[in-house]
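Contents: one structure, followed by commentary.
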Amino acid sequence: MNTITLGHLRDTLHAGCASAVARVLDAYEMDVSFVDASPEELPDLLAEGEIDLLVSAWMPRDRHLARGMREIGQLYLPVYVWAATKPVGDIETLGAQEIARIVTTPPNVARLRDALANLPALQAVPVDVVDDDDIFDHVAGLDAGATSLVVLAQPHALFHTDMLHVVNDPAHRLGAEMEARMLVRDATAACVDSDMIDELSEMMLGNKVMSALDYAIRVENVDPEEAAEAWQRGRLLPR
């Protein structure tokens, strides 16, 4: 088997991650084709066998995607966080007097609502719901004189800048840290070079690299494959 279909979510973060993984596949002379999908499309594509290798699934959140697939590797450690535009205290010390507004994206509205149920002092703060494609520019354009909270998953391009400061939440109201893992189809794993599977299993990008990849693709409009090459050659992050 020398052809592999590599699937990923249709966003800049996962496109960068998939392209980085593809660099490893290229070294084994694999012919890689990419399939991007929305979260709604992904389960059917996997069930129909349209994806050989998924990059990446956030475990345990995405456990439902793993049927008939083998989990390998730990590419980075995604986590939903509160982040403020200025340094602030712990999340339970904040209220409408300290925070002017809260910003999040549509997929995170329910998560934010559940967290705010246990943070009554923040419940009166207005919430901006911004599409993921627009959130970088939205945060960059926030009133510099006020303190805003952003709720999103790390890694993200915004964390490759100094615009945000992660807010401590000892109760982990937005959820615990996860593992970004690859899912390889059992039949695929049986047909490809076992050394390649071993190398993928040991591959670690880390949140810092993933935020930098996302920044390059999302903000600087770098092609995902070019961003992955920059990572591989040690040019993505300052030394």
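The values are calculated or read from the model by the stated rules, or taken from the named source; none is laboratory data. None of the values given here were measured: they were computed from a predicted structure. Neighbour counts are summed over all protein chains in view; Cβ atoms, including those assigned to glycine, are modelled from backbone coordinates with ideal geometry.
A few comments on the model shown:
- Any hit, region 120-134, residues being aliphatic (A, V, I, L, M), within 21 Å of ALA212 (Cα to Cα) and assigned by TED's automatic domain parsing to the domain that holds GLN97: no
- For region 203-239, the candidate set comprises residues that are in contact with a strand residue (DSSP E or B) (Cβ under 8 Å, 6 or more places away or on another chain) and not in a helix (DSSP H, G or I); within that set, the residue that is surrounded by the fewest Cβ atoms within 10 Å (Cβ to Cβ) is MET204.
- Considering region 61-113, the residues that are assigned to a helix (DSSP H, G or I) and of a type in the set (Val, Ile, Thr) include one that is nearest to ALA153 (Cα to Cα), namely VAL109.
- Residue count, region 114-156 (criterion: in a helix (DSSP H, G or I) and not aliphatic (A, V, I, L, M)): 8
- Contacts under 6 angstrom Cβ, first residue in region 1-26 being within 22 Å of GLU48 (Cβ to Cβ), partner hydroxyl-bearing (Ser, Thr, Tyr), 6 or more apart: THR5/SER33; ARG10/SER38
- Here GLU71 meets each of (1) of a type outside the set (A, V, I, L, M); (2) touching a residue at least 24 places away in the same chain (Cβ under 8 Å); (3) out of contact with any strand residue (DSSP E or B) (no Cβ under 6 Å at 6 or more places or on another chain) with one exception, condition (3).
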